[in-house]
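Worksheet: the structure to be examined is printed underneath.
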Amino acid sequence: MSSQTGMFGLLTIVVVLSATLRTAPVSAQDRKACHPVLNPTEAHYVIGYGSLMSTASKNETWNDTGTSRPVMLRGFQRSWNARGRGIGFSTTFLGVRPAPGARMTASLYRVRNIAEFRPGDKRERIYCRVAVSPARVRALDGRRVPPDGKIWIYVLKPGSAKAPDARFPLIQSYVDLFVGGCMELAARVVDKSIDFPAACVATTK
């Protein structure tokens with residue numbers, strides 16, 4: 001075998017192995033742990049804190065949700081620390097992690113058709129969906145936080161938080177999407193002493 005043929009064979013093996021690693025299926029057990037089974041008899045709500053704060057962006061995945069509500073959430077920290085999965089250059093998105101004493105602005109919406117959690121979980125594939133106690137959510141639109149059902153938030157998978165760098169930078173279009181969503185929700189805030197867009201920036205690391 002010539003050195004050229006041997007090199008080609010080695011390259012083929014590497015390419016095939018890489019493709020296999022990238023497309024290896026996630027086990028049903030892992031999916032269940034990261035995206036718990038939903039009770040169809042309960043009401044389900046989602047807390048959005050990045051692109052999901054924008055109605056236009058949210059509606060690309062979640063169609064039957066109605067109007068998003070501005071809220072303040074305790075016990076979670078939002079940061080620029082979630083890296084997209086892509087070959088070559090990608091983006092650093094917003095992510096959250098549990099953090100005692102922290103608080104952040106967010107949106108709250110009800111998902112009336114739980115079938116929409118399938119594309120929703122797929123969209124947020126670098127995150128895990130976890131339950132949030134209603135006691136941690138303060139509504140800013142003058143209405144009560146729904147006491148019934150489940151409230152969910154997508155948190156970064158353990159060990160996956162990384163700071164932006166040259167390969168995974170912040171991109172202006174995503175920043176605009178986030179801030180635009182904050183400005184949209186600000187119109188629904190009843191307490192005018194709260195500058196919702198400014199609070200979005202202040203509660204983001």
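Among the residues of this structure, R125 does not count as one that is in contact (Cβ under 8 Å) with a residue 40 or more places away in the chain, open to solvent by 60 Å² or more (accessible area, probe 1.4 Å) and farther than 17 Å from G50 by Cα. Residue count for region 66-91 under the criterion of being surrounded by fewer than 21 Cβ atoms within 10 Å (Cβ to Cβ) and closer than 18 Å to R143 by Cα: the result is 4. As a summary of the residue check, A186 satisfies the conditions (1) open to solvent by less than 50 Å² (accessible area, probe 1.4 Å); (2) at pLDDT below 95; (3) small (G, A, S) except for the one numbered (2). Would you pick out the residues in region 92-115 that are open to solvent by less than 20 Å² (accessible area, probe 1.4 Å) and of a type outside the set (G, A, S)? Answer for region 92-115, where residues must be open to solvent by less than 20 Å² (accessible area, probe 1.4 Å) and of a type outside the set (G, A, S): T92, L94, V96, M104, T105, L108, Y109, V111.
Per this entry, R97 is not counted among residues that are basic (K, R) and either out of contact with any Phe, Trp or Tyr (no Cβ under 8 Å at 6 or more places or on another chain) or more than 21 Å from T204 (Cβ to Cβ) (or both). Within region 149-205, the residues that satisfy the criterion of being among the small types (G, A, S) and under 21 Å from R74 (Cα atoms) are G149, A161, G181, A186, S193, A198, A199, A202.
Residue count for region 128-144 under the criterion of being open to solvent by less than 20 Å² (accessible area, probe 1.4 Å) and either touching a Lys or Arg at 6+ places or on another chain (Cβ under 8 Å) or not charged (D, E, K, R) (or both): the result is 3.
No other residue among P147, P169, P164, P158 is open to solvent by 20 Å² or more (accessible area, probe 1.4 Å), in a loop (DSSP other than H, G, I, E, B), closer than 22 Å to K205 by Cα and free of Cβ contacts under 8 Å to residues at least 60 places away in the same chain apart from P158. The residues of region 106-144 that are in a helix (DSSP H, G or I) and closer than 28 Å to P197 by Cβ, listed by number, are E116, G120, R123, P134, A135, R136.
The values are calculated or read from the model by the stated rules, or taken from the named source; none is laboratory data. Computed from a prediction, not measured in an experiment: that's the story for all the values here. Note that each Cβ is placed from the backbone with ideal geometry, even for glycine, and that neighbours are counted across all protein chains shown. These area figures cover heavy atoms from the full protein model, side chains too; ligands, DNA and RNA do not enter into them. Shrake-Rupley method; radii C 1.70, N 1.55, O 1.52, S 1.80 Å.
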